[in-house]
Amino acid sequence: MSRRRKKHHDDEHIDESWLIPYADLLTLLLALFIVLFSMSSIDAKKFQALSEVFNEVFSNGSGILEYPNPVSIENAAVIDVQDEIEPDEEKDVIDHQADMQELESIQKRIDSYIAEKDLSKMLDTSLTDEGLLVLIRDNVLFTSGSDQVRTEDMEIAKEISDLLVINPPRNIIISGHTDNVPINNSKFASNWELSVMRAVNFMKIIIENDRLDPSWFSAKGFGEFEPIATNDTDDGKAQNRRVEILILPRN
């Protein structure tokens, strides 16, 4: 009896080599639809550049899995999306630069006043990311433990209000700060309350200026919790007892 020939799997194998170029074609079509969907407007030069990418793929006869630089297609898909964002970002940068130049001009005006009045030991300015900061030291406005602006410093407070007349107007935050020495008397139960009332009372004097709109102003109290110097020395404590005026950016 002759032995029956075993059937091998190779005899039933179907040639599937056609699936590779077919899959590449589907992938390219999918990429094309993604590109078209992401493009909100058609620019002739960009569309020509995009066409050249696809033409190179097809003319070389290579599949997308073999394409030497597949990132090019991905980059082409976001050409217009990036260009839509960049003008806005560029405008924001330009506006911010113009805004900072305005703040620098305001700073120079205040610094000129400080130099003219010889107040460098009492007032200081600095330009930060948060805005233009005007620091008023403890020895200018208040006696120890008091929230009332001293009579002899009322004139300086009023002159500072003139410096805050800005066109166009900006929002301004006045904040009070203390050292870490606890306070507990009939008027204030904590440094929080003292710092807040110092800011509020100073602000009241500022907005007596008819050229200033009270809606531009707000007051804060930080107590001893935002020191700018050590509280271990008398000099450091004096630096921490302060009022700050923050002129905010418009952008």
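Scanning the range 210-235 for residues that are part of a helix (DSSP H, G or I) and in contact (Cβ under 8 Å) with a residue 12 or more places away in the chain yields one hit, Trp216.
Answer yes or no: is there a residue in the range 143-152 that is charged (D, E, K, R), touching a helix residue (DSSP H, G or I) at 6+ places or on another chain (Cβ under 7 Å) and surrounded by fewer than 18 Cβ atoms within 10 Å (Cβ to Cβ). So far as the range 143-152 goes, yes, one or more of its residues are charged (D, E, K, R), touching a helix residue (DSSP H, G or I) at 6+ places or on another chain (Cβ under 7 Å) and surrounded by fewer than 18 Cβ atoms within 10 Å (Cβ to Cβ). For the range 114-147, filtered to residues that are acidic (Asp, Glu) and not in a strand (DSSP E or B), the residue that is nearest to Ala199 (Cα to Cα) is Asp147. Applying a threshold of 7 Å to beta carbon distances and a minimum spacing of six or more residues, or different chains, the list of pairs starting in the range 127-139 at a residue that is within 18 Å of Ala238 (Cβ to Cβ) and open to solvent by less than 30 Å² (accessible area, probe 1.4 Å) and ending at one that is small (Gly, Ala, Ser) and not in a strand (DSSP E or B) reads Asp138/Ala238.
Restricting attention to the range 189-201, the residues that are in a helix (DSSP H, G or I), open to solvent by 20 Å² or more (accessible area, probe 1.4 Å) and either aliphatic (A, V, I, L, M) or closer than 17 Å to Ile247 by Cβ (or both) total 3. Restricting attention to the range 198-221, does a residue exist that is under 14 Å from Ile174 (Cβ atoms), among the aromatic types (Phe, Trp, Tyr) and more than 23 Å from the chain's Cα centre (by Cα)? Checking the range 198-221: at least one residue is under 14 Å from Ile174 (Cβ atoms), among the aromatic types (Phe, Trp, Tyr) and more than 23 Å from the chain's Cα centre (by Cα).
Each row is one residue, and each column tells you yes or no for (1) more than 34 Å from the chain's Cα centre (by Cα); (2) modelled with pLDDT under 75.
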| site | (1), (2) |
| --- | --- |
| Asn55 | yes, yes |
| Ile79 | no, yes |
| Glu86 | no, yes |
| Lys91 | no, no |
| Ile106 | no, no |
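When Lys204 is tested against the conditions (1) at pLDDT 95 or above; (2) open to solvent by less than 50 Å² (accessible area, probe 1.4 Å); (3) among the charged types (D, E, K, R), the lone failure is (2).
Tell me, please, whether a residue that is open to solvent by less than 10 Å² (accessible area, probe 1.4 Å) and among the hydrophobic types (A, V, I, L, M, F, W, C) can be found in the range 169-180. For the range 169-180, residues open to solvent by less than 10 Å² (accessible area, probe 1.4 Å) and among the hydrophobic types (A, V, I, L, M, F, W, C): present.
Yes or no, residue by residue, for (1) at pLDDT 95 or above; (2) part of a strand (DSSP E or B); (3) of a type in the set (A, V, I, L, M, F, W, C):
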| residue | (1), (2), (3) |
| --- | --- |
| Glu152 | no, no, no |
| Ala157 | no, no, yes |
| Gly176 | yes, yes, no |
| Ile183 | no, no, yes |
| Lys187 | no, no, no |
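Residue-wise test of (1) among the charged types (D, E, K, R); (2) touching an Asp or Glu at 6+ places or on another chain (Cβ under 9 Å); (3) farther than 25 Å from Met100 by Cβ.
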{"position": "Glu116", "(1), (2), (3)": "yes, no, no"}
{"position": "Gly131", "(1), (2), (3)": "no, no, no"}
{"position": "Asp153", "(1), (2), (3)": "yes, no, yes"}
{"position": "Ile156", "(1), (2), (3)": "no, no, yes"}
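The values are calculated or read from the model by the stated rules, or taken from the named source; none is laboratory data. The model shown is predicted, which means the values in this text are computed figures rather than measured ones. Methodologically, a virtual Cβ is constructed for each residue, glycine included, from the backbone with ideal geometry; neighbour enumeration extends over all protein chains shown. For accessibility, only protein heavy atoms count, side chains too; no ligands or nucleic acids. Shrake-Rupley method; radii C 1.70, N 1.55, O 1.52, S 1.80 Å.
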